[in-house]
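First comes the structure, then the notes that go with it.
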Amino acid sequence: MRSPNDLELVHLTKRYGTTTAVKDINHIFPPASYVCLLGPSGCGKSTTLRMIAGHESVSSGSILLEGQDISSLAPARRGTAMMFQSYALFPHLSVRDNVSFSLKMKGVDKATRHAKAMSLLELVAMAHLADRLPAQLSGGQQQRVALARALITEPRVLLLDEPLSALDPFLRIRMRAELKRLQRELAITFIHVTHGQDEALALADEVVVMNNAVIEQAGPPRQVWGAPRTEFVARFMGGHNVLTVGDGRYAIRSDEVRIGATDGLSATATGVEYQGDRVAVTARTVRDEEVVALVPEADFFAHPITPGETLGLSWNPASQHRLES
Amino acid sequence: MSFLKSETARAWALASPLVLVLLAFLVLPIIWILVLSFWRATEFAMVPDFSFENYAYLFGSTVTWQVFLSTFRYALITWVLTLLIGFTVAYYLAFHIRSSTVQMALFLLCTVPFLTSNIIRMISWIPFLGRNGLANQALLSMGVIDQPLEWLLYSDFSVILAFVHLNTLFMITPIFNTMMRIDRSLIEAARDQGAGGWQILTNVIIPLSKPGIMIGTIFVLALVMGDFVTVRFMSGSQRSNVGRLISNDVGLLQYPSAAATSIVLLCTVLILIGLLMRFVNIRKEL
């Protein structure tokens, strides 16, 4: 699936003294795709993004964009643009001047750069606030401005460093839909760093799960969630139980676990959590492993369970999925 | 309503110690100077009056205008030099020193000269700059000059040198403080947007350091405009500024005249600072 317009990481490594933040990662980002780099804090996802952007030097390996090694170019010459976590809008400049900043640096005359800035502000529906200062905008509005400012450089790859983390949950869901729409309209690659798996699943064409400086698993969201390769991925993506069956470790989706009276794996209920459309029943097995079963609301209330009760857990063997150790 | 009343009373009670101190030691003396400036003086006594004699004499004399002009000149040159040095030092400390320990150590190093008195720091220049001082001897022995330089000491040069030496820290501190508050991701964002080092300086760092520059400017202007000791020592009493005018009057017991000059100086400095405040809003910085 190679194309001449790929962004490619080749043996990319970042070392700080004796610690390795990113360890020999290889990955190909196809053009015009929405990719989420997902992982817990300190896993190397932000460092990877900052290396692609050019704000962090590469210890070894290279970054290729459209066949050209960009790893030693200045950030603005790479064909990438970055949207910062705190948006990093210039507090002393109006929205219009913030967006046209890169054109001013290039020496584009005022009328041209302001016209261009206004067209990008239209794109993010912020043209009516062009004269405001960043401090006079809400978080969501600031984010749109930051987006416009990054896009005015006409990047082939847009890098987003936890772009939604500063927003409240309601706005987060709205903005992520908007990010997705923009990516589709502009048909450029978005690389979006996040530690929220729901965000990654909702947005990404491809999810890249990182842990301990390496890529743990990469693939379409449905594949990564449905078939986690390792225990880390299964636990991090959520919705799975990791159990020892026979000689191996297996992932079993929580919504596949059935609760019976006696038959199946014996366990003791330890908690019941009502979640609206379903109920999460937590139980501890005889091997002292924790299992979460998601029971549809109606089924649960037909046969309620109280903590302390002994349960029999079962699932379709076809739905259990072997993990690499 | 009684709640509101007690709140107000509490607020006043809390503020009153500072209000009293300021009233007693700032407002009252200034009012007293203002009153005094309208009195008349003979060779032997001060006569309570409401006369504009002192002001008329002050504004009528060409000496006053010359002295005010030279005071402005000292202030302007000192301001330019302290700003250039102060900004450069603050920039270096804030953006080039990575480790915060080294940063703090170097900043404290800047304050070390302030552990000695102003006068001592000033006077210590005299043996260095004098006719047979270290500077002249070194230049002579290197063959750069064959006559000792006369303008090193007791000149505008030595006055401004001392002013810059004494006041640069008042520029460094506020500028360093505002620079430390600049979000580093702004610098990265500017670089991401294609700004070079110089463009980052002029488009991001200088505009965002303005409040610090303004506070430093107010310090330096106020200190230089109000000074009389530096000018007296470093010019060997050959140059004058408004401060010396006042101190001479005081020496001659011409208090009403000194008071009038003080009031004019005070107003001048206040107008100057008022004008500066129109350019930059420092309130949010304090």
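Out of everything in region B:73-96 that is free of Cβ contacts under 8 Å to residues at least 24 places away in the same chain and not polar (S, T, N, Q), what residue ends up being nearest to B:L272 (Cα to Cα)?
Quick first cut of region B:73-96, residues free of Cβ contacts under 8 Å to residues at least 24 places away in the same chain only: B:73, B:76, B:80, B:84, B:88, B:92, B:96.
After this cut, where a residue has to be not polar (S, T, N, Q) as well, the list is B:73, B:76, B:80, B:84, B:92, B:96.
Details: B:R73: 14, B:L76: 12, B:V80: 16, B:L84: 20, B:Y92: 29, B:H96: 34 Å.
Top of the filtered list is B:L76.
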(Q) Quick check on my filter: what residues within region B:166-191 are within 19 Å of A:S86 (Cα to Cα), open to solvent by 50 Å² or more (accessible area, probe 1.4 Å) and away from every other protein chain (no Cβ under 12 Å)? (A) B:M180
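Condition check: open to solvent by less than 20 Å² (accessible area, probe 1.4 Å), part of a helix (DSSP H, G or I), away from chain A (no Cβ under 14 Å) and aliphatic (A, V, I, L, M). Does B:A138 satisfy that?
Values: open to solvent by less than 20 Å² (accessible area, probe 1.4 Å): no; part of a helix (DSSP H, G or I): yes; away from chain A (no Cβ under 14 Å): yes; aliphatic (A, V, I, L, M): yes.
No: the conditions fail for B:A138.
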Q) In region B:102-137, what residues are over 23 Å from the mean Cα position of the chain (by Cα), at pLDDT below 90 and among the aliphatic types (A, V, I, L, M)? A) B:L129, B:L134, B:A135
Q) Quick one: what pairs do we get from region B:129-158, first residue over 16 Å from B:V231 (Cβ atoms), second aromatic (F, W, Y) and in a loop (DSSP other than H, G, I, E, B), C-beta under 9 Å, 6+ apart or different chains? A) B:G130/B:Y154; B:G133/B:W125
(Q) Suppose the filter is touching a Ser or Thr at 6+ places or on another chain (Cβ under 7 Å) and free of Cβ contacts under 8 Å to residues at least 40 places away in the same chain; does A:G271 pass it? (A) yes
**Q.** Yes/no for A:C43 being away from every other protein chain (no Cβ under 13 Å), out of contact with any Asp or Glu (no Cβ under 6 Å at 6 or more places or on another chain) and assigned to a loop (DSSP other than H, G, I, E, B)
**A.** yes
Q.
It is to be established whether one or more residues within region A:2-17 are out of contact with any helix residue (DSSP H, G or I) (no Cβ under 9 Å at 6 or more places or on another chain), modelled with pLDDT of 90 or more, among the basic types (K, R) and in a strand (DSSP E or B).
A. yes
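Could you list all residues from region A:156-171 that are surrounded by fewer than 20 Cβ atoms within 10 Å (Cβ to Cβ) and in contact (Cβ under 8 Å) with a residue 12 or more places away in the chain?
The initial filter retains those residues of region A:156-171 that are surrounded by fewer than 20 Cβ atoms within 10 Å (Cβ to Cβ), namely A:156, A:165-171.
Matches in region A:156-171: A:R156, A:S165, A:A166, A:L167, A:D168, A:L171.
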Q | Looking only at region A:5-49, and only at residues there that are within 22 Å of A:P75 (Cβ to Cβ) and among the charged types (D, E, K, R), the one that is surrounded by the fewest Cβ atoms within 10 Å (Cβ to Cβ) | A | A:R15
Q | Odd one out for B:K210 among (1) modelled with pLDDT under 90; (2) in a helix (DSSP H, G or I); (3) charged (D, E, K, R) | A | (1)
Q. Restricting attention to region B:249-262, does a residue exist that is surrounded by 15 or more Cβ atoms within 10 Å (Cβ to Cβ), among the aliphatic types (A, V, I, L, M) and under 17 Å from B:R73 (Cβ atoms)?
A. no
Q) Looking at region B:237-248, is at least one residue of a type in the set (A, V, I, L, M, F, W, C), surrounded by fewer than 19 Cβ atoms within 10 Å (Cβ to Cβ), part of a helix (DSSP H, G or I) and touching a helix residue (DSSP H, G or I) at 6+ places or on another chain (Cβ under 7 Å)? A) no
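Taking region A:50-76 as the search range and keeping residues that are out of contact with any helix residue (DSSP H, G or I) (no Cβ under 7 Å at 6 or more places or on another chain) and within 14 Å of chain B (Cβ to nearest Cβ), which one is most open to solvent (accessible area, probe 1.4 Å)? Steps first, answer last, please.
Our first condition is that a residue be out of contact with any helix residue (DSSP H, G or I) (no Cβ under 7 Å at 6 or more places or on another chain); within region A:50-76, this holds for A:50-52, A:57, A:59-62, A:64-74.
After this cut, where a residue has to be within 14 Å of chain B (Cβ to nearest Cβ) as well, the list is A:50-52, A:57, A:70, A:73-74.
On the way: A:R50: 45, A:M51: 0, A:I52: 0, A:S57: 77, A:I70: 2, A:L73: 56, A:A74: 50 Å².
Looking at residues that are out of contact with any helix residue (DSSP H, G or I) (no Cβ under 7 Å at 6 or more places or on another chain) and within 14 Å of chain B (Cβ to nearest Cβ), I get A:S57.
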Q: Could you list, in sequence order, all residues of region B:192-232 that are buried (at least 19 other Cβ atoms within 10 Å of the Cβ), over 13 Å from the mean Cα position of the chain (by Cα) and more than 10 Å from every other protein chain (Cβ to nearest Cβ)?
A: B:I205, B:S209, B:P211, B:G212, B:V231, B:R232
Q: Residue by residue through region A:77-106, note down the ones that are within 10 Å of chain B (Cβ to nearest Cβ) and either more than 29 Å from the chain's Cα centre (by Cα) or open to solvent by 50 Å² or more (accessible area, probe 1.4 Å) (or both).
A: A:R77, A:Q85, A:S86, A:P91, A:H92, A:L93, A:D97, A:L103, A:K104, A:M105, A:K106
Q. How many residues, within region A:115-155, are in contact with a Lys or Arg (Cβ under 6 Å, 6 or more places away or on another chain), assigned to a loop (DSSP other than H, G, I, E, B) and crowded, with 21+ Cβ neighbours inside 10 Å?
A. 1
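The values are calculated or read from the model by the stated rules, or taken from the named source; none is laboratory data. Since the structure is predicted, the reported quantities are computational estimates derived from the model, not experimental observations. All Cβ positions, glycine included, derive from the backbone under ideal geometry; neighbour counts span all protein chains shown. Surface areas here come from the heavy atoms of the whole protein model, side chains and all, with no ligands, DNA or RNA. Shrake-Rupley method; radii C 1.70, N 1.55, O 1.52, S 1.80 Å.
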